[in-house]
Amino acid sequence: MSTNRHAAIEAVLRQHLPNARLSAFAGSARLNADLAIDSIMLLQLIVHLELEHGLNLPEETLLTHQLETVDDLAGLLVANDHKEPSL
C-alpha cells in the first residue's frame, strides 16, 4: 500500500509541482532539502492527493507529526473513506 502512496505523491509532484526537484525523488528524500518543497507546495501536494487519489492527511496529524521525508508523508496518508451522498 505504501508503494501506491509513493506513486501517488510522485504523480502529483510531476503533474502539479514541476518546480520540485524530482530527480531526487525517493522514499528517504527530504521534502524541503532534497525536493525543494516549501510549505505552500506541501499544502498543494496534500490537496491534490486528496482530490485526485482519495488520500488525506488529517489536520491533527499535521499538528502532531513532523513531515521530513516522502516516507513520513506516505506513512501518514490515510484513504478517504468518505463517500459523497448521492443526489
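The values are calculated or read from the model by the stated rules, or taken from the named source; none is laboratory data. Remember, predicted model here, so these are calculated numbers, not experimental data. Quick reminder, even Gly has a Cβ in these numbers, built from the backbone with ideal geometry, and neighbours come from all protein chains shown. These area figures cover heavy atoms from the full protein model, side chains too; ligands, DNA and RNA do not enter into them. Shrake-Rupley method; radii C 1.70, N 1.55, O 1.52, S 1.80 Å.
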Next on the checklist: As a test question: what accessible area, to the nearest 10 Å², does residue 28 have when a 1.4 Å probe is rolled over all protein chains in place?
Outcome noted: 90
Checklist entry - When the Karplus curve 6.51 cos²θ - 1.76 cosθ + 1.60 is applied with θ = phi - 60°, which whole-Hz ³J(HN,Hα) does each residue of the stretch 31-46 get, with x for Gly and Pro? => result 4, 7, 5, 8, 9, 6, 9, 8, 5, 5, 5, 4, 5, 4, 4, 5
Item to check | Average accessible surface area per residue within the chain, 1.4 Å rolling probe, Å² | outcome: 64
Item to check | Accessible-area value, residue 40, 1.4 Å probe, nucleic acids and ligands omitted, Å² | outcome: 100
Next on the checklist: So, R0 is 30 Å and r is the distance between the beta-carbons of residue 64 and residue 4; what FRET efficiency does that work out to, to 0.05?
Outcome noted: 0.80
Item to check | Nearest-ten-degree value, helix 2-16 long axis tilted from longest Cα axis of the chain | outcome: 80
Item to check | Extended-chain gain in nm, criterion 0.36 nm per residue less alpha-carbon gap, residue 14 and residue 28 | outcome: 3.3 nm
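For the chain, what % of the accessible area comes from carbon and sulfur atoms, probe 1.4 Å?
52
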Checklist entry - Just one of (i) 1.80; (ii) 1.16; (iii) 0.97 is Rg/Rh (Cα atoms, Kirkwood Rh) as worked out from the coordinates here. Which one is it? => result (iii)
